[in-house]
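The values are calculated or read from the model by the stated rules, or taken from the named source; none is laboratory data. The structure presented is a predicted model; accordingly, all values stated were derived computationally and were not measured. Because the Cβ atoms are built from the backbone with ideal geometry, glycine has one as well, and the counts that use them run over all protein chains shown. What goes into the accessible areas is simple: the full protein's heavy atoms, side chains included, and nothing from ligands, DNA or RNA. Shrake-Rupley method; radii C 1.70, N 1.55, O 1.52, S 1.80 Å.
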Amino acid sequence: MNKNFTKIVLTGGPCGGKSTGLSYIEREMSKRGYKVVFVNETATELVLNGISLSAYNNDYYQFEKQIVKLQILKEKMYEECCETLPDEKILLVCDRGFMDCRSYVTEEDFDRILKELGEDFIHLRDNYDGVFHLMTCAKGAEEYYNTSNNNARRESLEEAREADDRVIQCWTGHPHFRVIDNSTNFEGKMGKLINEICSLLGEPTPFEIERKYLIEKPDLQKLESLANCKKVNIIQTYLISEDGIETRVRQRGLAGSYIYTLTTKRNISPMTRVEFEQRISERQYLTYLANADTNLKSIRKDRYCLMQNGKYFEIDVYPFAKQRAILEIELTSEDENIKLPEFIKVVREVTDDKTYSNYAFKKSSRRYVLIKGKKNEDIST
């Protein structure tokens, strides 16, 4: 299947602005030449058509199972339709996605639903190119929280915050997950949403702005115990490419379930680079491996995706590094203020230090890079 569309999810907490956000997406992305196609929220669709939780005797397991089944069928149909559209720029927007169902049942029950349906957790979650979460206004904009515009909404402020946390936890681990907070007024919030979507799409240029830190290796058991942290395994292989351009393929997933991507990067400044990324099939991935740069070794690492303080942190732990790890965070601007998690102990910032890049680590002699001011210490110790 030749994919000529981008598929995203718009999700969020109670009274987060999702309905308005959908309207903004259609208006603003249409201006940019996109054919915008929507997949309506499945749970709402069922309820409006007479099938509610009460029809299943308030059994969340059975109700959410039906939602997942219908979501699978709907998304497959819309994807096939998008494949036939003549438009060059197509944006498929899902009003909530598979992982939203997980916030209403236990992890064990959700895994059982997927097993009964013959589906796979990683492929369902990471089947979307981007996931955008509009934070409930019960977090930081309490004066605007109300239930009058939604007859189904009954949550108190605290319940809204808890519901928002559950949804965020369910999506944590996705490779392009963004939380749009309430640090601005509502117009600013919608503006940030559109900017994040444009960044994913490369409109006008797909700049990736990030900061990188060399940190003391954190307590991995503690990380894995956090509800707002998810682990994935990554194998990254660099391909033969032109000078100044970095091309790689990546296998990303867990426990035998993986997705594959092809990425090309070109540096603009120490903190900013142009990045193009596309999803590829396993067969395409294996074909690209034939063009691997044999002078460089594949990088294997465990990535811990941590959502905290409204920011998405990625902690990379390498098998050759005994006491050190790398923390990265993507930003919307180079001067954006960030607050690192309290339990992270920073050795120093290495944003503009190329010796701490994955590309450098592929050269075995560069894995033992010096820490500034400590000539006898390196990342492998």
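Some points to look at:
- Among residues of the stretch 239-267 that are on the phi > 0 side of the Ramachandran plot, those with a Cβ under 8 angstrom from a residue that is open to solvent by 50 Å² or more (accessible area, probe 1.4 Å) and part of a strand (DSSP E or B), sequence gap 6+ or separate chain, pair up as Gly244/Arg266; Gly244/Asn267.
- The set of residues in the stretch 18-43 being of a type in the set (Gly, Ala, Ser) and open to solvent by less than 60 Å² (accessible area, probe 1.4 Å) consists of Gly21, Ser30, Gly33, Ala43.
- Filter result (in contact (Cβ under 8 Å) with a residue 12 or more places away in the chain, acidic (Asp, Glu) and farther than 17 Å from Arg178 by Cβ) within the stretch 87-114: Asp87, Glu88, Asp109
- Qualifying positions in the stretch 115-138 - out of contact with any strand residue (DSSP E or B) (no Cβ under 9 Å at 6 or more places or on another chain), touching a residue at least 24 places away in the same chain (Cβ under 8 Å) and either surrounded by fewer than 19 Cβ atoms within 10 Å (Cβ to Cβ) or of a type in the set (Ser, Thr, Tyr) (or both): Glu116, Leu117, Glu119
- Qualifying residue in the stretch 102-110 (condition: buried (at least 22 other Cβ atoms within 10 Å of the Cβ) and closer than 20 Å to Val39 by Cα): yes
- The stretch 73-98: number of residues that are modelled with pLDDT of 95 or more, within 25 Å of Ala163 (Cα to Cα) and among the hydrophobic types (A, V, I, L, M, F, W, C): 2
- Filtered residue count, the stretch 225-252, keeping only those that are part of a loop (DSSP other than H, G, I, E, B), within 17 Å of the chain's Cα centre (by Cα) and farther than 14 Å from Ile315 by Cα: 1
- Within this structure, Lys231 passes the test of being in contact with a Gly (Cβ under 8 Å, 6 or more places away or on another chain), touching a residue at least 40 places away in the same chain (Cβ under 8 Å) and charged (D, E, K, R).
- Selection status of Tyr78, open to solvent by less than 10 Å² (accessible area, probe 1.4 Å) and either touching a strand residue (DSSP E or B) at 6+ places or on another chain (Cβ under 6 Å) or outside any loop (DSSP other than H, G, I, E, B) (or both): no
- Candidate set from the stretch 285-307 (those that are over 21 Å from Leu254 (Cβ atoms) and not in a loop (DSSP other than H, G, I, E, B)); member that is least open to solvent (accessible area, probe 1.4 Å): Ala292
- Once the stretch 188-240 is narrowed to residues that are surrounded by 15 or more Cβ atoms within 10 Å (Cβ to Cβ) and small (Gly, Ala, Ser), the residue that is farthest from Leu306 (Cα to Cα) is Gly191.
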